[in-house]
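One structure is given below, encoded as structure tokens.
The values are calculated or read from the model by the stated rules, or taken from the named source; none is laboratory data. Fair warning: this is a prediction, and the values are worked out from it, not measured in the lab. In this analysis, Cβ positions are derived from the backbone assuming ideal geometry, glycine residues included, and neighbour counts consider all displayed protein chains. For accessibility, only protein heavy atoms count, side chains too; no ligands or nucleic acids. Shrake-Rupley method; radii C 1.70, N 1.55, O 1.52, S 1.80 Å.
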Amino acid sequence: MSGVRAVRISIESACEKQVQEVGLDGTETYLQPLSMSQNLARLAQRIDFSQGSGSEEEEAAGPDGDAQDWAGAGAEPDDEEGLVKFQPSLWPWDSVRNNLRSALTEMCVLYDVLSIVRDKKFMTLDPVSQDALPPKQSPQTLQLISKKKSLAGAAQILLKGAERLTKSVTENQENKLQRDFNSELLRLRQHWKLRKVGDKILGDLSYRSAGSLFPHHGTFEVIKNTDIDLDKKIPEDYCPLDVQIPSDLEGSAYIKVSIQKQAPDIGDLGTVNLFKRPLPKSKPGSPHWQTKLEAAQNVLLCKEIFAQLSREAVQIKSQIPHIVVKNQIISQPFPSLQLSISLCHSSNDKKSQKCAPEKPGPEDHLYVLEHNLHLLIREFHKQTLSSIVMPHPASAPFGHKRMRLSGPQAFDKNEINSIQSTEGLLEKIIKQAKHIFLRSRTAATIDSLASRIEDPQIQAHWSNINDVYESSVKVLITSQGYEQICKSIQLQLNIGVEQVRVVHRDGRMSQHQVHAVQQLAKVMGWQVLSFSNHVGLGPIESIGNASAITVASPSGDYAISVRNGPESGSKIMVQFPRNQCKDLPKSDVLQDSKWSHLRGPFKEVQWNKMEGRNFVYKMELLMSALSPCLL
Amino acid sequence: MEAPPVTMMPVTGGTINMMEYLLQGSVLDHSLESLIHRLRGLCDNMEPETFLDHEMVFLLKGQQASPFVLRARRSMDRAGAPWHLRYLGQPEMGDKNRHALVRNCVDIATSENLTDFLMEMGFRMDHEFVAKGHLFRKGIMKIVVYKIFRILVPGNTDSTEALSLSYLVELSVVAPAGQDMVSDDMRNFAEQLKPLVHLEKIDPKRLM
């Protein structure tokens, strides 16, 4: 019964005043209701004083209690009840009162019963046993129905969830722009430095934080890509983010370094073609802004390199001045040799796309030097960031640590010069170019000599590990097949920036043959009779001196004499024993036959008709032919 | 013959007239870490540098009312570093648009007998302190975050006591006179440090 409010019963009598008279104009004059005293008088007349007083008291208790229950009742009925026991039929509320009273009694009784039953001590409620309801349906049907209900409930929940998901997906589609912009921005932030200025997002693609002092600002702006039509299909490579790079960094650039033999006319300067190099293919995973920004950064670096080079070209005093024209620096490291460094910057305008891309020739570009330029500028950047520049004490200005010491410790000019690296970028590159040129020249010379001269073979071993300014090559002059014994001539060439230093291990090339014979003699057991590196007899050679050797066979019968000169070639003579020569003049002086065993006149060997691959081989054959085989 | 007057005018002649542009601020001790992190991100990418310096301020009282001030500073943690002598002129007033404090500045590296030399010249040491903190750079800008320690026993740099519970932050550039765009760059940089530390132009005269 909780929650049910007590119902208030209000009773009102329709006390209409009695009409006394109705006026001619329709107004009604009411009888004034009796005032209290008048009423009391009227009632008093009705009292039958002959009756007993007990009933008065009873009646007084009851109506008093009732008076509280009655709300809104007028004073008249109360007075009436309290004073008179009159016939019930005369009082209009009696039945109502009786009914209410009985209802109240009933309610009180019920309330009492319920409170007692609640205690369960004195009274309990017992359910009325009913017959089991006859099952209207079979148990399976009941289960089916219950299962259906539960499934329907579950289905409802799932449907609600699905509806929510589809709603969020559609919302996603609509808000794709907004959300992807933020995630793209996050990705951009992982690669580049961004900062917010006002309501613009600016980024920095310069090398300033890496130590560059180039005054270009290098800021790019990040803008939202809003020109997307939601109705049309979104293209594959759509990106909600776009970057706007400064106009002078658009396109792509590279530094071209090349060496040309002839110096062109002055009029041709400044007309370096801006090659439109095919755009480097971007890595498959990288978004288009990454390639754009990287290309712009490369352009900036190339500009910095070129600015540094041209600044040095103008400032540095050198014997042959460097020429700086538009986007090209021309210098002459060696006479009749021209080194040109140019900045090729092609923007992405439609104009430059029209001219056909020319393929640069392979010997045109010196990629190594270009790479080295990049490395040098990066080194320069790192120098400005190194901690030797930081001041200690902290109030001192920035500058090299040793330069600060130069004042207090009174360095002289040489010491100060040794601290400062006076070489600029340009000088370094020119030195490297000189070295490269010299090296290629040397290699070409050696190769041509080797291909021209077949007999002693010239082998060149270039060392793999070279400096940018120095390379070395070992040249071996050997005869094929006899490398081990004829190792006497070895040259080591150290190719520097401007000179080639040759370190001979031994004599010159023409002596090789003779030395080879000497070694061979040792091996074959022949005796060396005479050996001369520089013979004074015979025709004078234009380069160097001829050398000669004479070897005798083990038995002494034969001797071979070899004279080798760089120009005159080799001359081989064999000395036979006297008894083998037929046309010796007979003489009476020699009586004994033993003298015929001595060696006699020389005979020249037709060396070009000898069998054998090379000189030493032929010599070996000759020696073995002249040694009697001991069988 | 009268001694030439000690002048407050900018030192001219000989070398280029260098001006120091300065912005100052301070942070409480507990915010130091976040400030250092932020500076490491904003400044040039180098290993963080710490320093421990001992500075002595020398005065020469001449006939003028205001004495001539020279600052001698030495590094306590780097052996072999030269002493640093500094003259700072009066701040240039007038231009409200200039965002940084500008004053004439002369920096000289000296050998270790600087204090004896100054004493012989007639300077007297006014006060000294120890500065300990971090040093950053961004291009030509130098950012120094340091704590000042008072020296309790004159001459003894081991007995020190911190002057306050905060760190002083200074952003300075030494550049030739006339380059006012430097102060714009400084202000832009100071903007980026804004919520952590407010760097502003503090006129030393107003503090006294």
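Only residues that are in a strand (DSSP E or B), open to solvent by 30 Å² or more (accessible area, probe 1.4 Å) and modelled with pLDDT of 70 or more were counted in the range A:473-490, giving 2.
Look at A:HIS392 and say whether it is open to solvent by less than 20 Å² (accessible area, probe 1.4 Å), assigned by the TED database to the domain that holds A:LEU301 and at pLDDT 75 or above. Considered against the rule, which asks whether it is open to solvent by less than 20 Å² (accessible area, probe 1.4 Å), assigned by the TED database to the domain that holds A:LEU301 and at pLDDT 75 or above, A:HIS392 comes out as no. The set of residues in the range B:193-208 being more than 13 Å from B:GLY25 (Cβ to Cβ) and either part of a helix (DSSP H, G or I) or among the charged types (D, E, K, R) (or both) consists of B:ASP203, B:PRO204, B:LYS205, B:ARG206, B:LEU207. Within the range B:35-60, the residues that satisfy the criterion of being away from chain A (no Cβ under 14 Å) and in contact with a Leu (Cβ under 9 Å, 6 or more places away or on another chain) are B:LEU35, B:PHE58, B:LEU59, B:LEU60. The single residue among B:TYR146, B:TYR87 that is at the interface with chain A (Cβ under 8 Å from one of its Cβ atoms) and hydroxyl-bearing (Ser, Thr, Tyr) turns out to be B:TYR146. Scanning the range A:399-418 for residues that are loosely packed, with under 15 Cβ neighbours inside 10 Å and either touching a residue at least 24 places away in the same chain (Cβ under 8 Å) or of a type in the set (A, V, I, L, M, F, W, C) (or both) returns A:ALA410, A:ILE416.
The single condition from (1) surrounded by fewer than 17 Cβ atoms within 10 Å (Cβ to Cβ); (2) farther than 22 Å from A:PHE398 by Cβ that B:ILE151 fails is (1). Take A:VAL368 and decide whether it is more than 10 Å from every other protein chain (Cβ to nearest Cβ), modelled with pLDDT of 80 or more and not in a loop (DSSP other than H, G, I, E, B). Against the criterion (more than 10 Å from every other protein chain (Cβ to nearest Cβ), modelled with pLDDT of 80 or more and not in a loop (DSSP other than H, G, I, E, B)), A:VAL368 does not qualify.
Looking for something within 20 Å of B:THR50 (Cα to Cα) and not in a strand (DSSP E or B) - is there at least one such residue anywhere in the range B:166-187? Looking for residues that are within 20 Å of B:THR50 (Cα to Cα) and not in a strand (DSSP E or B), one finds none in the range B:166-187, hence no. The C-beta contact set for the range B:179-208 (first residue closer than 17 Å to B:MET19 by Cβ, second residue open to solvent by 90 Å² or more (accessible area, probe 1.4 Å), distance under 8 angstrom, 6+ apart or interchain) comprises B:VAL182/B:ILE140. Regarding A:ASN298, is this residue of a type outside the set (A, V, I, L, M) and at pLDDT below 75? Considered against the rule, which asks whether it is of a type outside the set (A, V, I, L, M) and at pLDDT below 75, A:ASN298 comes out as no.
Listed here are the residues, each with its yes/no results for (1) at pLDDT 80 or above; (2) part of a strand (DSSP E or B); (3) assigned by the TED database to the domain that holds A:ARG311.
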residue	(1), (2), (3)
A:ILE223	yes, yes, yes
A:THR226	no, no, yes
A:ASP229	no, no, yes
A:CYS239	no, no, yes
A:LYS276	no, no, no
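Taking the range B:102-132 on its own, how many of its residues are among the polar types (S, T, N, Q), under 20 Å from the mean Cα position of the chain (by Cα) and within 13 Å of another protein chain (Cβ to nearest Cβ)? The total comes to 2.
Yes or no, residue by residue, for (1) polar (S, T, N, Q); (2) at pLDDT 70 or above; (3) within 55 Å of the chain's Cα centre (by Cα); (4) crowded, with 17+ Cβ neighbours inside 10 Å:
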{"residue": "A:GLY507", "(1), (2), (3), (4)": "no, no, no, yes"}
{"residue": "A:GLN518", "(1), (2), (3), (4)": "yes, yes, no, yes"}
{"residue": "A:LYS522", "(1), (2), (3), (4)": "no, yes, no, no"}
{"residue": "A:GLY536", "(1), (2), (3), (4)": "no, yes, no, no"}
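Could you list, in sequence order, all residues of the range B:167-186 that are among the small types (Gly, Ala, Ser) and open to solvent by less than 30 Å² (accessible area, probe 1.4 Å)? If the condition is that a residue be among the small types (Gly, Ala, Ser) and open to solvent by less than 30 Å² (accessible area, probe 1.4 Å), then B:SER172, B:ALA175, B:SER183 are the ones that fit. Screening A:PRO393 against (1) more than 10 Å from every other protein chain (Cβ to nearest Cβ); (2) in contact with a Lys or Arg (Cβ under 7 Å, 6 or more places away or on another chain); (3) of a type outside the set (Gly, Ala, Ser) leaves a single unmet condition, (1).
The test for being at pLDDT 75 or above and over 30 Å from A:TYR367 (Cβ atoms) holds for A:ILE453. A search for C-beta distances below 8 Å between a residue of the range A:96-121 that is farther than 21 Å from A:ILE11 by Cα and any residue that is β-branched (Val, Ile, Thr) and at pLDDT below 90, counting only pairs 6+ apart in sequence or on different chains, returns A:VAL117/A:THR124. Where helices (runs of 4 or more DSSP H) fall wholly inside the range A:1-84, the ranges with 3 or more residues that are modelled with pLDDT of 50 or more and polar (S, T, N, Q) are A:36-46.
Tally the residues that are under 21 Å from A:SER555 (Cα atoms) and surrounded by 12 or more Cβ atoms within 10 Å (Cβ to Cβ), restricting the search to the range A:604-615. Qualifying residue count for the region: 1.
Among the listed residues A:GLN156, A:GLN143, A:GLN178, A:GLN137, which satisfies the condition of being in a helix (DSSP H, G or I), modelled with pLDDT under 85 and either among the polar types (S, T, N, Q) or exposed (fewer than 10 other Cβ atoms within 10 Å of the Cβ) (or both)? None of the other options fit; the residue is A:GLN178. When every residue of the range B:61-71 is checked against the conditions, at least one turns out to be facing chain A (nearest Cβ under 8 Å) and in contact with a Lys or Arg (Cβ under 6 Å, 6 or more places away or on another chain).
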